[in-house]
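Values in this text are rule-based calculations from the coordinates and carry no lab data. In this text the structure is predicted, and so the values were computed from the model without any measurement. Cβ sites come from the backbone with ideal geometry, for glycine too, and all protein chains shown count toward neighbours.
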Amino acid sequence: MNNVKDTVEKVQKITADTNIIEAVQAHPEIMQVFAEYGLGCIGCMASSFETIGEGAGAHGLDVPALIEDLNACIAEYEDEKK
């Protein structure tokens, strides 16, 4: 498994192809977005091997909307850090 530093450098922008656990390790602030969509990704065994698109699609969610909200959350968090 990658260490957190490698993961943070790897995940700059979330896409449907981004691995769920890598995205959360790089950007823990997005857990709130997953929760708003009713996804308990961290507690799910599939999060270690599924992409966000696969996981959200399996739950019948609007994948592009989720991706947009995840990236907006990251951008807001980054702006607050400045």
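Quick look at the numbers
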| quantity | calculated |
| --- | --- |
| Most to least packed among 55-61, 19-25, 42-48 [average Cβ atoms within 10 Å] | 19-25, 55-61, 42-48 |
| Size of charge dipole - the chain - debye, nearest 20, with Cβ of Lys, Arg +1 and Asp, Glu -1, no other charges | 220 debye |
| Furthest towards positive pole of dipole, Gly53, Leu66, Asn19, structure part the chain, Cβ charges | Asn19 |
| With 10 Å bins from 0: P(r) over the chain, alpha-carbon pairs, percent | 19, 58, 22, 2 |
